[in-house]
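Have a look at the structure below, then the notes.
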Amino acid sequence: MSLGEDQVLELQRSFHAFDKNGSGFIEMDELKEGLKTLGYDIGENGIGHLLEMVESSDNKLSFEEFISWNGLLWKDDMKTKFKSIDVDGSGWINKPELKKWSIDSGYGFSEEQIDDLCYSMDSTGNGKINLEEFIQGMVE
C-alpha cells in the first residue's frame, strides 16, 4: 500500500502532535499521552505491545515506524469492518450482505452501485469478496 501526498502530510501532522518534545521520535510517555488525548487509556503493557507491533527496539517510534503502526491499525480496522459486513461468518462478502450493510450503515447504495463495488473488489471473479480483496479494494 503506497501513501499519497495528502496522507503523508496528515501522518506528519499527527506525528508532530504526538512528538511533544520535538525530538523526532515519539517516546513511550508521549505515545501514552497522545493516545489518552484520543480517548485510549493504555497501560505500559499495551504501549509495549504497540511498540512490538512495529518492531521498535528502542522504546520510541520514528516517523517510519509511526507510518507502519498506522498501517497496522488501519488494516485491523478493515478486518473489523469486513467481519461486520460478513454477517454469516463465511469469510466472504456477497451481494446480499453488502446490500444489507449499505442499508444498515445509511449509505443506501443502489443495485448498480452494489454491482460496481462487487465487480471492482472481486479480483477472482467468483462473485464474492474475501478479506484480501476487501482490503485491496479499500486502498484503491
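The values are calculated or read from the model by the stated rules, or taken from the named source; none is laboratory data. None of the values given here were measured: they were computed from a predicted structure. All Cβ positions, glycine included, derive from the backbone under ideal geometry; neighbour counts span all protein chains shown. Protein only, heavy atoms only, side chains kept; ligands, DNA and RNA dropped before computing areas. Shrake-Rupley method; radii C 1.70, N 1.55, O 1.52, S 1.80 Å.
In terms of solvent-accessible area of protein heavy atoms at a 1.4 angstrom probe, what is the ranking of 73, 31, highest value first?
73, 31
Please report the relative contact order for region 91-132, taking Cα pairs under 8 Å with a sequence separation of at least 6, and give it as a percent rounded to a whole number.
50
Using 1/(1 + (r/R0)^6) with R0 = 25 angstrom and r between the beta carbons of residue 58 and residue 132, what's the FRET efficiency to the nearest 0.05?
Plugging the Cβ-Cβ distance into 1/(1 + (r/R0)^6) gives 0.15.
Are there GluC sites (Glu not before Pro) in region 4-106 that DSSP marks as loop and that have at most 11 other Cβ atoms within 10 Å, and which are they?
55
Within region 86-140, list the chymotrypsin sites (Phe, Trp or Tyr not before Pro) lying in a DSSP loop whose Cβ has at most 15 other Cβ atoms in a 10 Å radius.
In loop regions of region 86-140 (DSSP not H, G, I, E or B), the sparsely surrounded chymotrypsin sites (Phe, Trp or Tyr not before Pro) are 107.
Defining a contact as two alpha carbons under 8 Å apart and six or more residues distant in sequence, what relative contact order in percent does the chain show?
Worked out over the chain, it gives 16 percent.
Hey, any idea what % of region 71-140's accessible area is carbon plus sulfur with a 1.4 Å probe?
That share works out to 54 percent.
What is the diffusion coefficient of region 4-90 in µm²/s, taking the Kirkwood radius over Cα pairs and the Stokes-Einstein relation at 10 °C with a viscosity of 1.306 mPa s?
Rounded, D is 113 µm²/s.
Between region 50-82 and region 11-26, what's the alpha-carbon centroid distance in Å?
Computed from Cα coordinates, the inter-centre distance equals 15 Å.
Suppose all protein chains stay in the model; what accessible area per residue would a 1.4 Å probe give for region 1-138, in Å²?
Heavy-atom SASA per residue in region 1-138 reads 64 Å².
I'd like the accessible area for residue 37: 1.4 Å probe, protein heavy atoms, all chains in place, Å² to the nearest 10.
110
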